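Encoded as structure tokens, the structure appears first; notes follow it.
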Amino acid sequence: MEYVKAAEVLPERLLREIQQYIQGEFVYIPTLPSRRRKWGESSGAAQYYLERNEEIRRIFRTGASVDELSGKYGLSVDSIKKIIYSKK
């Protein structure tokens, strides 16, 4: 998150209105819900896990055991089962 000077981005009238409530403090202004990104969208993590989980399902369908997948991917047996049996 980047620090931005309010006087440089807000109209003077709006800045004076905000100063009625707070002065000399930091204020966080959240992103509009319509512009929020989902978890992992920016970093690519979401796509990575989608692809990894699909690969786990594919390998399981070809005959690999849950224990083998657990060792290969460094995940618990329960995590592998959740991936395999999820409805995605």
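Values for this structure:
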{"item": "Per-residue SASA entry for E55, accessible area with 1.4 Å probe, Å² rounded to 10", "result": "70 Å²"}
{"item": "Options (i) 17.7; (ii) 17.4; (iii) 13.1 - which one matches Kirkwood radius over Cα pairs in Å as calculated here", "result": "(ii)"}
{"item": "Cβ-Cβ FRET estimate between S34 and E68, R0 fixed at 30 Å, reported to 0.05", "result": "0.10"}
{"item": "Over segment 29-83, relative contact order from alpha-carbon pairs under 8 Å, at least 6 apart, %", "result": "23 percent"}
{"item": "Solvent-accessible area, 1.4 Å probe, carbon plus sulfur percent, for the chain", "result": "52 percent"}
{"item": "Whole-number D in µm²/s for segment 37-83 (Stokes-Einstein; Kirkwood sum over Cα pairs; 37 °C, 0.692 mPa s)", "result": "291 µm²/s"}
{"item": "Centroid-to-centroid separation of segment 74-88 and segment 1-56 [C-alpha atoms, Å]", "result": "33 Å"}
{"item": "Solvent-accessible area of S76 with every protein chain in place, 1.4 Å probe, in Å² to the nearest 10", "result": "60 Å²"}
{"item": "Probe 1.4 Å, accessible area per residue of the chain, Å²", "result": "91 Å²"}
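The values are calculated or read from the model by the stated rules, or taken from the named source; none is laboratory data. Just so you know, these numbers come straight off a predicted model, no measurement behind them. All Cβ positions, glycine included, derive from the backbone under ideal geometry; neighbour counts span all protein chains shown. Remember, those area values only see protein heavy atoms, side chains included, never the ligands or the DNA or RNA. Shrake-Rupley method; radii C 1.70, N 1.55, O 1.52, S 1.80 Å.
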